[in-house]
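These notes concern the structure reproduced below.
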Amino acid sequence: MERARVLLLTTQAGGGGAQRVMALVAQGLPQARFEVHVALTRGDAAEAEALPRAVKVHALKAGRARAAALPLLRLIWRLRPEVILCGAPEISFAVLLLRPFLPAKTRLLVRQNSTVSAILTKGHVPWYTRLLYRLLYRRADCIICQSRAMADDLQREAALAGDRLAVLPNPIDVAGIVAAQATPMAWSGAGPHLLAAGRLAPEKGFDLLIEAMAAVRRRFPEADLVIAGSGKERAALLAQCRSHQLEDAVHIADGLTNPYGYFAGATVFVLSSRYEGMPNALLEAAAAGLPLVATPASGGVIELLRGREGTWLAREASSAALAAALIEALESLPAGARYRHAFLAAGQAASGGR
C-alpha cells in the first residue's frame, strides 16, 4: 500500500506547547501508513533529534514566516504532500496566501492554537489581523480547534461556515510524563510548591502570578514557585521578583520547556494566563494528577475546569483573584494530593507516546 505523504509546518522543533503538539503528531502517525515530513521555518534540523528517525526534517532557516514563503512553496512542489498541517497562525497565514499556487489536490489543515477574539482585543496584533482571519481561513480545508468554545469563537470572529471547523483536543505525551516521575527534580524547603510553565510572554500572566505569590507567602511563608519556560520577559520578571523580595521564593527555570520532572514534587500547578486557547501545559499537569489553579483564560479553560474536583478557577485574570484562588486551594489540599481528572478520563485529551 502506498503511504500518504504528510507535511507538518512549525517554527522550530523545540519550544512551547505548539511545537510539542506538532512533534507528538509526527510521532503518532503510523509509519506504515504515512510518510511524514516536518518543515521548520526558523529552527535547525539538529533540534529535531526527539522526532522518529523516519520523519524527514526540512530546515528552511527563514526567520519570519513570510520570509519562508518561497522556500516553502518550492518544498511543497518538490514533495507534493497529500496533506499539509500548519501548526502556528503566522505560518498558516503564509501558506493560505500561497494556496492558489499549491498543487491542486493538496489538502490544507490549519491548527488554531489561541482564542481569536482574545488575540484581536488583547494580543497587540496589527489592525488587519481580523481581515486575514476572515479572508484567508476560508481557504483552508479544515481548521482544527482544541475546544468547542474556541471553535464557536473563531466561527463568529472569522465569519466561517461551521463545517470548516473541527474540535480535536491536543495530544499529550503521557509516557513521557510517567517516565519523568522516576527521576524527579528536587524542590527545596517545606513548601507548598507551586509550578507554572510556558513562554515568558505578557499573555502568560507570570507577572500576575509573581504579584499573587507575594500574597500567598504572607499566608504560607515557606511557599515557593518554579516557572518553567523561556522568553523575552525573563529580565522583567526577575526584576519584579526583586522588587517583592521574592528572589529566594521564585525560580525561573529559563530554557526548560518540559516541566515534567517538577510534577512529582509540586503541590499545585498554576495557569496564570491573561488569554489562552487550550494550553498543553495545563493538560500535561492534569495527566500527572496535579491539583490545578487557573485564571478563566478562555472559554475552553472554563469549560474544562469549572466544577471539577481538584481544580480552582480564579474569578478573573488578576493578581488578587489568582492569589485568592491559590490560597483557597492550598488551605484545602491534603498533603501530596493527586486526582484522576475526569475530563481526561472522558477523552478531553488524547494520549501520546515517544
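The values are calculated or read from the model by the stated rules, or taken from the named source; none is laboratory data. If you're wondering where the values come from, they're calculated on a predicted model, not measured in any experiment. We place every Cβ from the backbone using ideal geometry, glycine too, and count neighbours over all the protein chains shown.
Tabulated results
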| item | result |
| --- | --- |
| Residue 35 being among the acidic types (Asp, Glu), in contact with a helix residue (DSSP H, G or I) (Cβ under 8 Å, 6 or more places away or on another chain) and either assigned by TED's automatic domain parsing to the domain that holds residue 154 or in a loop (DSSP other than H, G, I, E, B) (or both) | no |
| Residue in the stretch 173-185 that is part of a loop (DSSP other than H, G, I, E, B) and touching a Phe, Trp or Tyr at 6+ places or on another chain (Cβ under 6 Å) present | yes |
| Of all residues making up the stretch 1-48, the number that are at pLDDT 75 or above, surrounded by fewer than 18 Cβ atoms within 10 Å (Cβ to Cβ) and among the acidic types (Asp, Glu) | 1 |
| Flag for residue 291 being surrounded by fewer than 23 Cβ atoms within 10 Å (Cβ to Cβ) and under 20 Å from the mean Cα position of the chain (by Cα) | no |
| One residue from 166, 190, 180 being surrounded by fewer than 18 Cβ atoms within 10 Å (Cβ to Cβ), within 22 Å of residue 283 (Cα to Cα) and touching a residue at least 12 places away in the same chain (Cβ under 8 Å) | 166 |
| Selection within the stretch 270-297 - farther than 20 Å from residue 19 by Cβ and not aliphatic (A, V, I, L, M) | 272, 274, 289, 291, 295, 296 |
| In the stretch 297-326, the residues that are acidic (Asp, Glu) and either at pLDDT below 95 or assigned to a strand (DSSP E or B) (or both) | 303, 309 |
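A quick yes/no check of all residues on (1) at pLDDT 90 or above; (2) more than 17 Å from residue 278 (Cβ to Cβ):
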| site | (1), (2) |
| --- | --- |
| 71 | yes, yes |
| 84 | yes, yes |
| 87 | no, no |
| 94 | yes, yes |
| 115 | no, no |
| 121 | no, yes |
| 125 | no, yes |
| 157 | yes, no |
